[in-house]
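Please treat every number below as a calculation from the coordinates, not as lab data. Treat the numbers as computed from the prediction; the structure is a model and nothing was measured. Cβ sites come from the backbone with ideal geometry, for glycine too, and all protein chains shown count toward neighbours.
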Amino acid sequence: MRVRPAEESEVLCEGDGYYMITHTMKSKLPSAHAAEFDTGFPVKEKVSDTASQKRFKEIVAKMEIRQARRDDLYNTAVFLDDCWREVYRNIVSDAFLDAMSPEERHNAFIKRYDEGLSDFWMMFDNEHLIGAAVFGKSFTEGYENDGEISAIYLHKDYIGKGYGHDLFVRIEQMLRDKGYANLVLDVLSANTRALDFYLKHGYEKVSDRTIELGESEYPLTILRKKGKNALDGVDIRQVDDALREKTTRGTSL
């Protein structure tokens, strides 16, 4: 996977043994890797093919986004529990966060996976899990025909470097490809960083609700992104089932 170029000047150019590294590109690397590279290259200045540029290219090449297998789901559940504890430590009660068990999340994931209700994707850096997402049919009351992004989290060292955007827009496109015109998600209202991220990606607040976590209730914001599609408001799985039934009845195979 390549680092997403936000501007033309950020592209990693390859040709005739030369590479280009900019300040902005370096900022997209996780902190564990960024220290390896000299920051003295001005934007758009080509530099010779040195060991550091080769290393930069190797790191970018090792970034991978792939669909999770069934046997990946437990590690995904552990990762998301860890992310919850990191993100919500000062928002949700410690008692609830410390009592979370990956088995409960894993069981829910297995059910969704086996019933084809959700897709699970993972992001890796050199085989280390650094991001995960869950998405598919909406479970949000009032928006059951939408596509839903149920969860998307990155390891803290990878936040603010463009990786979240890369994963997020890829998920949106996969939901669109499944036929969902409208997308919905929810976020704890106190998680202002995530809320701002979704608003910047074109989502609008449509409802304020509460969610019970442990013995307390917390404000929850529902956000939605409308799209123009001939299947607007239609659950694509219902369409698929109807077409499959029609094809089966009409075929002589």
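Points to keep in mind about this one:
- Screening 149, 130, 159 for residues that are within 24 Å of residue 221 (Cα to Cα), of a type in the set (Val, Ile, Thr) and touching a helix residue (DSSP H, G or I) at 6+ places or on another chain (Cβ under 7 Å) leaves exactly one candidate, 149.
- Meets criteria (part of a helix (DSSP H, G or I) and surrounded by 21 or more Cβ atoms within 10 Å (Cβ to Cβ)) for residue 109: yes
- Of residues in the stretch 131-179 being among the basic types (Lys, Arg) and in a helix (DSSP H, G or I), the one nearest to residue 75 (Cα to Cα): 156
- Where a residue in the stretch 101-124 is closer than 12 Å to residue 136 by Cα and its partner, wherever it lies, is basic (Lys, Arg) and surrounded by 18 or more Cβ atoms within 10 Å (Cβ to Cβ), with Cβ under 8 Å and at least six apart: 117/137; 118/112; 118/137
Listed here are the residues, each with its yes/no results for (1) aliphatic (A, V, I, L, M); (2) within 12 Å of the chain's Cα centre (by Cα).
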{"position": "141", "(1), (2)": "no, no"}
{"position": "153", "(1), (2)": "no, yes"}
{"position": "164", "(1), (2)": "no, yes"}
{"position": "181", "(1), (2)": "yes, no"}
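- Residue that is under 19 Å from residue 218 (Cβ atoms), of a type outside the set (A, V, I, L, M, F, W, C) and surrounded by fewer than 19 Cβ atoms within 10 Å (Cβ to Cβ), where the choices are 208, 114: 208
- Complete set of residues in the stretch 176-206 that are free of Cβ contacts under 8 Å to residues at least 40 places away in the same chain and of a type in the set (Phe, Trp, Tyr): 197, 198, 203
- Inter-residue pairs, beta-carbon under 8 Å, first surrounded by fewer than 16 Cβ atoms within 10 Å (Cβ to Cβ) and in the stretch 69-80, second β-branched (Val, Ile, Thr) and assigned to a helix (DSSP H, G or I), 6+ apart: 70/110
- Among the residues of the stretch 149-164, just one is crowded, with 22+ Cβ neighbours inside 10 Å and over 15 Å from residue 80 (Cα atoms), namely 163.
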